[in-house]
Amino acid sequence: MPETSAEITRLLVAWSRGDETAIDRLVPLVHDRLRRLAGRFLQSERPDHTLQTQAVVNEAYLRLIDQDQVDWRDRAHFFAIAGRMMRRILVDYARRRGYVKHGGEALRVSAEELERLTVDRSPELVALDEALKTLASRDQQLAQLVELRYFGGLNRNEIAEVLGISSATVTRRWRMAKAWLYRYLVQGERDEL
């Protein structure tokens, strides 16, 4: 069943207004996109990784269903929240597996890896999570932009819609975010923006 933006938005609004049946109609429309997001996050994990794509999607569904206070605006907003939840699921999983937190043993990431920054390996996911927390304390919108792009799977226009800014601003702010993340993750600099 192809996902249609208008139908997804209509169902999200109905769900926000208390229509309990809306979630049942929404799930088939968003399931494939959520699986693709989760699959992208897990695609470069080790082959024997115990967390599977469907498990991430199922956990995300459970967390989304508990979101009764969210005023869903549209499809992009939904996928942004879902991506954020998947990020939390994967970071929590990585931490439970005992990976070292970012800090004294800083991870080195090449410029090429930063360009395609994904959650390939759990230690890097934990390092990225710590970097995003630091970035959010300095510039919340930049951190949101990174989160929407990598964890929400949104494109430039969808990010602009969610953040209420122009596509050109998204492009400019994205360059800023990449530069800051490069300095933080690769060069180990902890300077201000």
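Read-outs throughout are calculated quantities, based only on the coordinates presented, and are distinct from any laboratory measurement. In this text, all values refer to a predicted model and were calculated from it rather than measured experimentally. Positions of Cβ are backbone-derived with ideal geometry, glycine not excepted, and every protein chain shown enters the neighbour counts.
For the stretch 120-193 versus the stretch 7-32, the spacing of their alpha-carbon centroids is 29 Å.
Cβ under 12 Å from PHE151's Cβ, PHE151 left aside: what net charge do those residues give with Lys, Arg +1 and Asp, Glu -1?
Numbers: positive: ARG40, ARG84, ARG87, ARG88, ARG149; negative: ASP129, GLU147.
It works out to a net charge of +3.
Which FRET efficiency value, to the nearest 0.05, is calculated for ARG175 and SER5 with the Förster distance at 35 angstrom and r the Cβ-Cβ distance? All intermediate terms of the calculation are to be shown ahead of the outcome.
Details: r = 28 Å, r/R0 = 0.79.
Result of the calculation: an efficiency of 0.80.
Shown here for the stretch 161-193: GluC sites (Glu not before Pro) in loop regions (DSSP other than H, G, I, E, B) with at most 12 other Cβ atoms within 10 Å, namely GLU189, GLU192. Ranked by how many other Cβ atoms sit within 10 Å of their own Cβ, fewest first, the residues HIS31, HIS77 fall in the order HIS31, HIS77.
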